[in-house]
Amino acid sequence: MDADDLPTPTPRELELLKVLWEHGPRSVAEVHRLVKPVDGKPVAQNTVQTLLRIMETKGLVSHTVEGRTFIYRPVFSREESASRFLDRVFDGAASQLVMSLLKAEKIPPEELEQLRQMVNEARRKK
């Protein structure tokens, strides 16, 4: 499967993926409990179940069965997804991504300092 064939999650699907990335494999009920409300309204458990089934069809999540419960897990890690995004949107150029964020003023000063420290640490390791 090349980069163009890889599934792209919708914003709602991305919220469910964030739950799975942050909390590990979970049942529908657990994902429902952990997912953030949309526009201040809780997301219905049936909606979470339907989204997870759609996401499985798209290849974003997979499941195993424990007893009578489906346990969902992401097919791609957060890091793999970020790398795919970087490849698709910025042709793999991290500097272009950072420049876009800087131009949009989306990086607060404390995060800029963290980025500087990460770059320095990466240089020391090489």
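The values are calculated or read from the model by the stated rules, or taken from the named source; none is laboratory data. It should be emphasised that the depicted structure is a prediction, and the values quoted were computed from it without experimental measurement. Because the Cβ atoms are built from the backbone with ideal geometry, glycine has one as well, and the counts that use them run over all protein chains shown. Side chains are part of the model used for accessible areas, which takes the heavy atoms of the whole protein and leaves out ligands, DNA and RNA. Shrake-Rupley method; radii C 1.70, N 1.55, O 1.52, S 1.80 Å.
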Over region 87-117, the set of residues free of Cβ contacts under 8 Å to residues at least 24 places away in the same chain, closer than 30 Å to PRO7 by Cα, open to solvent by 70 Å² or more (accessible area, probe 1.4 Å) and assigned to a helix (DSSP H, G or I) is VAL89, SER95, GLN96, MET99, LEU102, LYS103, GLU111
Hey, does region 52-62 have a residue that's among the acidic types (Asp, Glu) and either surrounded by 16 or more Cβ atoms within 10 Å (Cβ to Cβ) or touching a residue at least 60 places away in the same chain (Cβ under 8 Å) (or both)?
no
Pairs, please: C-beta under 7 Å, at least 6 apart or cross-chain, first residue part of a helix (DSSP H, G or I) and in region 67-80, second surrounded by 10 or more Cβ atoms within 10 Å (Cβ to Cβ)?
ARG78/TRP21
What single numbered condition from (1) in contact with a strand residue (DSSP E or B) (Cβ under 7 Å, 6 or more places away or on another chain); (2) closer than 29 Å to LEU97 by Cα; (3) exposed (fewer than 15 other Cβ atoms within 10 Å of the Cβ); (4) not aliphatic (A, V, I, L, M) fails to hold for PRO74?
(3)
Taking only region 55-87 into account, find how many residues are of a type outside the set (Gly, Ala, Ser) and within 16 Å of the chain's Cα centre (by Cα).
17
